[in-house]
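We did not get these values from a lab; they are worked out from the coordinates using the rules stated. Values in this document were obtained by computation on a predicted structure and should not be read as measured data. Every residue, glycine as well, gets a Cβ built from its backbone with ideal geometry; the counts of neighbours run over all protein chains shown.
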Amino acid sequence: MRQFAAITVLVVCVALGLSFLLLPSEKELGTMLLRDREYEESRRYFEEQIAAGDTSPQVITGLLEIYIRDGDVDRAIALVDGYEMTVGSEPAILERLALLYRQDRRFGLYLRTLEELASIDPTQARVEQLADAYYKAGKAEKRVAALEWLRTFDTVSPERQVELAELQVQIGRYESAIDTLEGLLKTVPSALDASYRLQLFDLTLHQGDQERAARIADSILALDQTDGSVIALADVAVYRRAPQLALDLLSRRDDLEASSGGWRRILAGALRATGRNDEAFDKLTAWWRSDSLPPESAASLLDLAVQRNDLELALDLFSRYGLDRIETSAVISLIGELHRAGKTEAVDALLAEIGNDSLNEQPVLGAEIMVARNDLEAANRFADRALATGTVNSATSLALASVLAQLDRHDDAFALLHPYISSPDLPVEAALV
């Protein structure tokens, strides 16, 4: 009997010991309560543990999770600041913390947390979030870096790559922008509308790479051979001082000559830019006669007509288009040729249109015309302007000296010609003056 009692006592003691071992500790109880969604009790347990000096990761992260769940931003931030090393870099915790910062508009902390998240466990979604955060923060360079990082993911959207190209242009990284856009043109051409394709072509020419631009133009026209595409590319090529490339592009659609004023305008400009003025004049004259001259090309034809002394054609052009299409400087050049040809009535008619003051840009010509009109006061005024503004050069000195002599200003005429007296190339007319 005594032996049985002893065994019973022993069993009871062992059972009690085991039951004490199975009881949860304070921190384990807090975790259990958290798992069972007893948030208030769990929070109280964790806070008591910290107050008692227990700052183990289980306690800190458990309490942080409760603060995050409750939206208690201030306490969550204080806990992270106080126990940053303990909280560590658990992505799940950081992700929830970042969301909390964003909801509470604590953008600096939100951005810093996103940066940490992306560096610890970079996923496409996190890098995209980081790029968007840099956008809101106005950090263009870092946003570009994030978008370039995003391109390393296989499933990055074309829209994000277009966004990257726009940013690269914005911060002046043109070569990178060209690479980005050209990559899209090759792999997902539908992602680039006509404006982006044209921008790619323009950027390439801006960088001075005409060979690459020509290849890009080929790729663009393989996708879009419409009239507008060819004309737009050629127009950009002329603007970017690649007139031969423009001519090459226009030659692919020479059927447009009869129907497109834009095609004709660009062709004339490209011909002139390549020094083929005779061809340009022939084309422009033919269009003028067939009443298909692009209004924008009127000034170009007038200039070429003046160079060829075809003054009647030049006058007809001005009569048709006037100052709306022809610049005053071109009209003054025409006036000069008309004056030298002795066509006084035509000179007077044009000056009535543009005003005598327009001759201030060419005061020597103004003085000559006023002497011919016998308006000596105006002639002296233009002569004074020519002397005072330094517009006189070796080419105009003789003409101005002749005017000064006619105005009985012999000393001024002599002083003007004196530097050239010892020159062996002194014209006979200058010696006579």
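Some observations on this one:
- Summarising the label geometry, the points placed 7 Å from Cα in the beta-carbon direction at residue 348 and residue 307 lie 3.3 nm from one another.
- Here the Karplus curve 6.51 cos²θ - 1.76 cosθ + 1.60, taken at θ = phi - 60°, turns the phi angles of the stretch 206-218 into couplings of 4, 7, x, 9, 5, 5, 5, 4, 5, 5, 5, 4, 4 Hz, with x standing for Gly and Pro.
- Under the Karplus curve 6.51 cos²θ - 1.76 cosθ + 1.60, θ = phi - 60°, whole-Hz ³J(HN,Hα) for the stretch 193-198, x wherever Gly or Pro sits: 7, 4, 5, 5, 5, 5
- Sparse-neighbour loop sites [GluC sites (Glu not before Pro); the stretch 228-332; at most 13 other C-beta within 10 Å; DSSP]: 327
- Going from the residue with the fewest nearby Cβ atoms within 10 Å to the one with the most, 188, 306 rank 188, 306.
- Residue 319-residue 276 pseudo-label distance in nm [points 7 Å out on the Cα-to-Cβ vector]: 3.2
- In straight-distance terms, cross-link reach from residue 186 covers every one of the lysines whose alpha-carbon lies under 30 Å from its own, apart from those fewer than eight places away in the same chain; here that gives 139, 142.
- Distance distribution P(r), the stretch 116-160, all Cα-Cα pairs, bin width 5 angstrom from 0: 6, 25, 35, 24, 9, 1 percent.
- For the stretch 276-341: relative contact order, % (alpha-carbon pairs under 8 angstrom, 6 or more apart): 30
- Ranking of 56, 333, 190 by count of other Cβ atoms within 10 Å, fewest first: 190, 56, 333
- Distance (nanometres) between label positions extended 7 Å along Cα→Cβ at residue 52 and residue 209: 6.9
- Taking the Cα centre of the stretch 177-270 as reference, the dipole from Cβ charges on Lys and Arg (+1) and Asp and Glu (-1) amounts to some 140 debye.
- For the stretch 41-145, the Cα gyration tensor yields ellipsoid semi-axes of 29, 13, 10 Å (square root of five times each eigenvalue, largest first, whole Å).
- A Förster distance of 41 Å, applied to the separation of the beta-carbon atoms of residue 187 and residue 290, puts the FRET efficiency at 0.35.
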